[in-house]
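Notes to accompany the following structure.
The values are calculated or read from the model by the stated rules, or taken from the named source; none is laboratory data. These numbers come from a predicted model, not from an experiment. Cβ sites come from the backbone with ideal geometry, for glycine too, and all protein chains shown count toward neighbours. For the accessible areas, the whole protein counts, side chains as well, though only heavy atoms, and no ligand, DNA or RNA atoms are used. Shrake-Rupley method; radii C 1.70, N 1.55, O 1.52, S 1.80 Å.
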Amino acid sequence: MLGPVILAASRSDVMRRAVSAAPVTRPVVDRFVPGESVEETMPVVRAMADRGLEVTLDVLGEDVTDPAEALRARDAYLRLTEALRPLGLGERAEMSVKLSSFGQALPGGHDLALRNVLPVVEAAADIGTTVTLDMEDHTTVDSTLAIHAELRERFPATGAVVQSYLFRTEEDCRALARAGSRVRLVKGAYKEPASVAYQDRSEVDRAYVRCLRILMEGEGFPMIGSHDPRIIAIGQELARRAGRKPDEYEFQMLYGIRTEEQYRLAAEGHRMRVYIAYGTDWYGYFMRRLAERPANLAFFLRSLLTRG
């Protein structure tokens, strides 16, 4: 029941100031955000690669309010690309972007976001990797998928994200499950109205399995974005039924959550990619992590009590 409250707080400037000012917050944030700069984050990337994990990197920031911020987001990703270049990891280290940080919500935002993200996708291709377009709230889906389709004309490995809690997602999966596509399926982490999204957790889970079956039976590359042990087991079974080899799909989890499970899956020969977000604009991302899993919220509250 607290999830919707926390999600609402993730958009509140008052709560942002209160949470950011709490002395206990920073040590807890460090569990989910390994650094505020690319320099702080690269050692984490190297360490994970050495242990057989793949990564996708997100420079934190969303809902920009002016074109200058969108340009700064573009430039931050270009710096990330240059930091990745000497590591030579190729597609083992890709990038995830939120188009709202590239100006999608501004006037003329669709074209602005496409114009700003294109150099990042080009730079990623230049070092042998790719970009996945994160999905945000339901009002952005059509624009994001249209930009994805346009980018794939030149860069077919560009990935998309879909959210099982939206009613439309099964149909989106059918459209996306084409040869060469890369689709990350997640449950969804934004507060959505009942008119567009399932509200019951069990309905979201059932929708996830239906969507995952579509992706596994399709011609693209499914990316299973979940920490749920049941979903992980179902994903493996659906892959087996579809005749997929271990390198023909992958699991994705967030940095700081179920770390030992990440290493276990990698050790068993599965492709395991860790979503690493870094930067100073961590508040919205952090609050969604608290809302997603009661264990995350309990961890934060225990820290408050211990250090209070």
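Only one residue in 113, 125, 93 is closer than 21 Å to residue 54 by Cβ, of a type outside the set (Asp, Glu) and in contact with a Phe, Trp or Tyr (Cβ under 6 Å, 6 or more places away or on another chain), so which one is that?
Result: 125 is the single residue among 113, 125, 93 that is closer than 21 Å to residue 54 by Cβ, of a type outside the set (Asp, Glu) and in contact with a Phe, Trp or Tyr (Cβ under 6 Å, 6 or more places away or on another chain).
Cβ separations smaller than 7 Å between residues 6+ apart or across chains give the following pairs from segment 180-195 residues that are in contact (Cβ under 8 Å) with a residue 40 or more places away in the chain to residues that are assigned to a strand (DSSP E or B) and open to solvent by 30 Å² or more (accessible area, probe 1.4 Å): 181/221; 182/221.
With the structure loaded, tell me whether residue 185 is hydrophobic (A, V, I, L, M, F, W, C) and either over 16 Å from the mean Cα position of the chain (by Cα) or closer than 22 Å to residue 122 by Cα (or both) or whether it fails that test. Give the derivation first.
Numbers: hydrophobic (A, V, I, L, M, F, W, C): yes; either over 16 Å from the mean Cα position of the chain (by Cα) or closer than 22 Å to residue 122 by Cα (or both): no.
Against the criterion (hydrophobic (A, V, I, L, M, F, W, C) and either over 16 Å from the mean Cα position of the chain (by Cα) or closer than 22 Å to residue 122 by Cα (or both)), residue 185 does not qualify.
Of all residues in segment 155-174, those being open to solvent by 10 Å² or more (accessible area, probe 1.4 Å), touching a residue at least 12 places away in the same chain (Cβ under 8 Å) and in a helix (DSSP H, G or I) number 3.
Residue count for segment 75-123, restricted to those that are out of contact with any Gly (no Cβ under 7 Å at 6 or more places or on another chain), within 23 Å of residue 141 (Cα to Cα) and small (Gly, Ala, Ser): 4.
Of the listed requirements (1) in contact with a helix residue (DSSP H, G or I) (Cβ under 6 Å, 6 or more places away or on another chain); (2) in a loop (DSSP other than H, G, I, E, B); (3) modelled with pLDDT of 95 or more, residue 256 misses just one: (3).
Of the helices (runs of 4 or more DSSP H) lying entirely inside segment 23-110, those carrying at least 2 residues that are within 17 Å of the chain's Cα centre (by Cα) and at pLDDT below 95 are 25-32.
When segment 261-280 is limited to residues that are buried (at least 18 other Cβ atoms within 10 Å of the Cβ) and of a type in the set (D, E, K, R), the one that is nearest to residue 61 (Cα to Cα) turns out to be 273.
Of the listed requirements (1) touching an Asp or Glu at 6+ places or on another chain (Cβ under 9 Å); (2) under 24 Å from residue 286 (Cβ atoms); (3) open to solvent by 30 Å² or more (accessible area, probe 1.4 Å), residue 258 misses just one: (1).
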